[in-house]
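Have a look at the structure below, then the notes.
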Amino acid sequence: MDHRAHQPNIRLAPRLAQALSMLPQSHMLVDVGCDHGKLCLAALFEGKASRVVAVDVSEASLAKARTNFDKFGLSAEFVRADGIAFLDPADSGDYTAALCGMGGELIADILARGESAARAALALVLQPMGGERELRGWLFANGYAILDEDTVLDAGRYYQLILVRCEPKSVRAYRDEVLLEFGALNYARRPDALRGLLEKVYASRARRMERAKRSGAVPASLESGLAGVRRLLDHWEDQP
C-alpha cells in the first residue's frame with residue numbers, strides 16, 4: 001500500500017531523517033532500537049519499505065511505537081529483542097536494517113550475534129553514539145563494505161552515519177587511523193557538520209594534551225590522535 005498521498009507531518013530528528021534518506025528502497029525495514037517507532041512510520045509514508053519491523057529491548061519503547069502506529073491506523077511487527085538474530089533471511093524477502101543511537105561496539109556485537117541476518121541485508125544504516133573507530137574496524141574485519149557516510153548536527157551534537165553492506169570482495173579498509181575514526185567517504189565529501197565535529201574533537205584533545213603536558217605524561221595515542229585531526233583540518237580546503 002502506498003501511504004505517500006496521505007503522508008502526515010512526522011518529525012524525525014535530523015540524524016534519523018538522514019539515516020532514512022541513505023537507505024535504499026526495500027520490501028522491509030527492520031529498526032533495531034526503534035524507541036518511538038517514527039523511523040518505521042516515516043519509512044512507510046515515504047515509500048522506503050512496504051513492511052516494517054520495530055525492534056527494541058524495552059517494552060515501554062515498543063508501547064510508544066504501537067501508540068504512534070495506532071494514531072495513523074497503520075500496522076507493524078513489534079518485536080522485543082536485543083538485535084536481529086531473530087530474523088530469518090529465507091522468509092523475509094529483501095530488507096534493510098537501521099541500528100541508530102547505540103555505541104559502536106554494541107552495534108558490532110549485535111551484527112555479530114545476528115550474523116546471518118546482518119550479512120543477508122540489502123543495506124544497514126548505522127548511527128553509533130561513539131566508538132566509530134572500533135565499529136569501522138570491526139566492519140572491515142568482517143567483510144562489510146562502506147557504501148556511504150555522512151555527519152549530521154542534531155540538537156547541538158554531531159552524529160556520524162555509516163551505510164554498509166556485506167561485500168567481502170569490495171572491502172577497502174583504511175590504514176589511516178584518523179579516517180577510521182571519521183570515515184574516508186565522509187571526509188572526501190567535506191560536509192559542514194564534519195568540519196564542526198573535527199574542530200570540536202580537536203579542541204577537546206588539545207585541552208587534554210595541555211593537561212597531560214602539565215602532568216609530565218603525554219600518551220602516544222593522544223598525541224597521534226590530535227595530530228591526525230589537525231591534519232584533516234589543515235587539508236580541508238584541498239581538492240578531495
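The values are calculated or read from the model by the stated rules, or taken from the named source; none is laboratory data. Since we're looking at a predicted model, the values are computed, not measured. Glycine also receives a Cβ, built like all others from the backbone with ideal geometry; neighbour counts cover every protein chain displayed. Just the protein is used for accessible areas: all its heavy atoms, side chains included, with ligands, DNA and RNA removed. Shrake-Rupley method; radii C 1.70, N 1.55, O 1.52, S 1.80 Å.
One table, with the values for the structure above:
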| read-out | value |
| --- | --- |
| Options Leu222, Leu161, Leu153; residue that is in contact (Cβ under 8 Å) with a residue 24 or more places away in the chain and open to solvent by less than 70 Å² (accessible area, probe 1.4 Å) | Leu161 |
| Qualifying residues in the stretch 15-61 (those that are β-branched (Val, Ile, Thr) and within 17 Å of the chain's Cα centre (by Cα)) - the one farthest from Leu122 (Cα to Cα) | Val55 |
| Strands (runs of 3 or more DSSP E) enclosed by the stretch 19-89 - at least 2 residues per element that are in contact (Cβ under 8 Å) with a residue 60 or more places away in the chain | 28-32 |
| Failed item in (1) touching a helix residue (DSSP H, G or I) at 6+ places or on another chain (Cβ under 6 Å); (2) at pLDDT 95 or above; (3) more than 25 Å from Ala123 (Cα to Cα), with Asn186 passing the rest | (3) |
| Tally, over the stretch 118-162, of residues that are closer than 19 Å to Asp31 by Cα and among the basic types (Lys, Arg) | 1 |
| Segments classed as strands (runs of 3 or more DSSP E), wholly inside the stretch 97-195, with at least 2 members that are on the phi < 0 side of the Ramachandran plot and hydroxyl-bearing (Ser, Thr, Tyr) | 144-154, 157-166 |
| Sole residue being open to solvent by 40 Å² or more (accessible area, probe 1.4 Å), out of contact with any strand residue (DSSP E or B) (no Cβ under 9 Å at 6 or more places or on another chain), part of a loop (DSSP other than H, G, I, E, B) and among the aliphatic types (A, V, I, L, M), chosen from Ala227, Ala217 | Ala217 |
| Flag if Ala193 is surrounded by fewer than 22 Cβ atoms within 10 Å (Cβ to Cβ), without any contact (Cβ under 8 Å) to a residue 40 or more places away in the chain and touching a Ser or Thr at 6+ places or on another chain (Cβ under 9 Å) | no |
| Qualifying residue in the stretch 107-123 (condition: touching a residue at least 40 places away in the same chain (Cβ under 8 Å), under 19 Å from Pro191 (Cβ atoms) and surrounded by 18 or more Cβ atoms within 10 Å (Cβ to Cβ)) | no |
| Test: Tyr159 is under 15 Å from the mean Cα position of the chain (by Cα) and more than 22 Å from Pro191 (Cα to Cα) | no |
| Complete set of residues in the stretch 42-82 that are open to solvent by less than 10 Å² (accessible area, probe 1.4 Å), within 10 Å of Val30 (Cβ to Cβ) and touching a Lys or Arg at 6+ places or on another chain (Cβ under 9 Å) | Ala54, Val55 |
